[in-house]
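Take a look at the structure set out below.
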Amino acid sequence: MQMNTYLPVADAATAAEVLGIPEEQLIKLDANENPYGPSPLVREALAQPLPYHLYPDAMQRRARAALAEYTGIPAEQIILGNGSDELIDLLLLALVKPGDDVLVPVPTFGVYLSRPPLFGAAVQSVARNEDFDLDIPKILSAIRPTTRLIFLASPNNPTGNPVTRHQLEQLLKTGIFVVADEAYYEFAGQTFAPLLQEYDNLGILRTFSKWAGLAGLRIGYGLFPRWLADRLWTIKQPFNVSVPALRAVEAALADRAIQFQTVIQLRLERGRLYRKLRTIPYLKPYPSHGNFILCRVTVGDAHAVHAWLAQHGILVRKYDDPLLRDCLRISVGLPEHTDQIIAVLQSYQPEANG
Ligand SMILES: Cc1ncc(COP(=O)(O)O)c(C=O)c1O
């Protein structure tokens, strides 16, 4: 079954079944999840009996108040979604109509490409330069009267590089609505949230899937100008974020000093993984501000390397997109995951195996 043109990675149980290995032996480095999982307070909150028989707060009041404190952005400008994926759809529903264009610098997160057509909009892909940096002159010249929306991830998934404030402001000055997706903000430490005071055509997306170790609960949020937040409230499904998810937001933010320890661990591990990947003769890793590292396979076939890793119980992300066909994205995991993937990569011989 093909759900849409964006193919998500398989869940752990399915992957283990396909590979014929026990789930607990799988090393899952294919979806930028946090292997440490959520903080102690979140675990505790979710272990309590929660009012599952009642609908959640459609206005998300307590979670938004906690997020206002965390982000420094007023609660009226914050909306939570069932993952930031849902907010991408809500933005498209609010901002585009059939015949419009959505501009996307590629390569990037596949959801920006797969969703606009479902809302009648066409995707204008604009290639990034060789280092995957934004090509601002090319983007500016690609803009048409029908261009409604620009999607940028900073740092970008899967390439790991951030957008600069100057680049973002050049795009904001066109007046077109720009979505800055900060899914990996906590790993990068750079945010454009202060620009919300200056531009009313900027939206920022964030998620609890990565830093907070809560990908399975599906919690994203957006920071929006007031006019857009008002419009999004009128179109969002009332109960889009569940009782446990809202509870987890409060607990994760209250416990963030503890959870940030895992972010610090992963940032350190990112450096170690990068240095080790550089010693693999057939790989070229790109520097990353996220919890993942993109590698170009310079000798042999990336899909063959993917298969070799999978045979050894290690899952990484491969691509069919021609721009990334010779690349693999490796999520940063536990120190022992780094050691194991490096050992398996060292045992691979591109000429013989690929
Ligand atoms: C750039 C980017 N945006 C959004 C998401 C989706 O996040 P969520 O789990 O909150 O839907 C991801 C997930 O990989 C991502 O990489």
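Restricting attention to the range 168-205, the residues that are open to solvent by less than 20 Å² (accessible area, probe 1.4 Å) and of a type in the set (S, T, N, Q) add up to 1. Within the set Arg218, Arg206, Arg165, the sole residue that is among the basic types (Lys, Arg) and more than 15 Å from the ligand (Cβ to nearest atom) turns out to be Arg165. Among the listed residues Asn4, Asn34, Asn82, identify the single one that is modelled with pLDDT under 95 and either among the basic types (Lys, Arg) or touching a helix residue (DSSP H, G or I) at 6+ places or on another chain (Cβ under 9 Å) (or both). Of the residues listed, the single one that is modelled with pLDDT under 95 and either among the basic types (Lys, Arg) or touching a helix residue (DSSP H, G or I) at 6+ places or on another chain (Cβ under 9 Å) (or both) is Asn4.
Hey, among the residues in the range 206-235 that are hydrophobic (A, V, I, L, M, F, W, C) and surrounded by 24 or more Cβ atoms within 10 Å (Cβ to Cβ), which one's farthest from Asp255 (Cα to Cα)? Checking each candidate, the answer is Phe224.
Scanning the range 168-182 for residues being of a type in the set (Val, Ile, Thr) and within 11 Å of the ligand (Cβ to nearest atom) gives a total of 1.
Would you pick out the residues in the range 228-245 that are assigned to a helix (DSSP H, G or I), in contact (Cβ under 8 Å) with a residue 24 or more places away in the chain and either within 19 Å of the chain's Cα centre (by Cα) or under 20 Å from Pro74 (Cβ atoms) (or both)? Answer for the range 228-245, where residues must be assigned to a helix (DSSP H, G or I), in contact (Cβ under 8 Å) with a residue 24 or more places away in the chain and either within 19 Å of the chain's Cα centre (by Cα) or under 20 Å from Pro74 (Cβ atoms) (or both): Leu228, Ala229, Arg231, Leu232, Trp233, Ala245.
Of all the residues that make up the range 66-106, how many are farther than 13 Å from Ala229 by Cβ, away from the ligand (no atom under 12 Å from the Cβ) and assigned to a loop (DSSP other than H, G, I, E, B)? So the answer is 6. Screening the candidates Ala16, Ala75, Ala66 for the property of being surrounded by 15 or more Cβ atoms within 10 Å (Cβ to Cβ) and assigned by TED's automatic domain parsing to the domain that holds Ala310 yields one hit, Ala16. Tallying residues that are small (Gly, Ala, Ser) and open to solvent by 20 Å² or more (accessible area, probe 1.4 Å) within the range 111-120 yields 1. Can you find a residue that is in contact (Cβ under 8 Å) with a residue 60 or more places away in the chain, open to solvent by 60 Å² or more (accessible area, probe 1.4 Å) and farther than 30 Å from Leu140 by Cα anywhere in the range 85-104? There is no residue in the range 85-104 that is in contact (Cβ under 8 Å) with a residue 60 or more places away in the chain, open to solvent by 60 Å² or more (accessible area, probe 1.4 Å) and farther than 30 Å from Leu140 by Cα. Considering the conditions (1) within 22 Å of the chain's Cα centre (by Cα); (2) under 26 Å from Asn161 (Cα atoms), Asp301 is excluded by exactly one of them, (1). Where strands (runs of 3 or more DSSP E) fall wholly inside the range 246-348, the ranges with 1 or more residues that are within 30 Å of Arg64 (Cα to Cα), open to solvent by less than 40 Å² (accessible area, probe 1.4 Å) and touching a strand residue (DSSP E or B) at 6+ places or on another chain (Cβ under 7 Å) are 292-297, 327-331.
The values are calculated or read from the model by the stated rules, or taken from the named source; none is laboratory data. Bear in mind that the values here come from a model prediction, so they are computed numbers and not experimental data. We place every Cβ from the backbone using ideal geometry, glycine too, and count neighbours over all the protein chains shown. Calculation scope for accessible area: heavy atoms of the full protein, side chains included, ligands and nucleic acids excluded. Shrake-Rupley method; radii C 1.70, N 1.55, O 1.52, S 1.80 Å.
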